[in-house]
1. Each label point is 7 Å from the Cα along the Cα-to-Cβ direction; what then is the distance between the points at residue 63 and residue 147, in nm?
2. Evaluate E = 1/(1 + (r/R0)^6) for residue 76 and residue 137, where r is the Cβ-Cβ distance and R0 equals 35 Å; express this FRET efficiency to the nearest 0.05.
């Protein structure tokens, strides 16, 4: 079983790729797929989950000041631990890591590229049951937090208490190994080129 991580800001692309991969899952190759829309969360997933393949469209992240500073560190982790297929609609401003497939390429071309990259790996070991790094609630809190929502706004949106938001944020920081509550928003030295 191959583990595949999909990174894209567009929920339609993430869900579409996940559904499509599950559909072709019945063939000789089986996939365990996780879709994400946060570079910080994606970097942590690659480090802990170690997917065989990362399929990503970084275009929207490059222009987002809160996300773009995570891109170099994410690419470095991909280079060390995983294979990467970049869905490109525009040139990547950071170093070009992995293989490139045009975002508007026919789905058959993407399927051939995915299978070629996966089959170039040594024989895939059976994947252990992988638990998500963050719960769905924590992912929602992280998403709202990175959009700049206050604790009260997050609590109102999710219909939980402010204290629960604080607890979720603390758990997120521990799981993602960030030092303080501002770390997800401040470029670290390793992320700045």
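Each reported figure results from applying straightforward, stated rules to the coordinates on display, with no laboratory input. None of these values were measured; they are calculated from a predicted model. Quick reminder, even Gly has a Cβ in these numbers, built from the backbone with ideal geometry, and neighbours come from all protein chains shown.
1. 1.8
2. Computed FRET efficiency for residue 76 and residue 137 comes out at 0.75.
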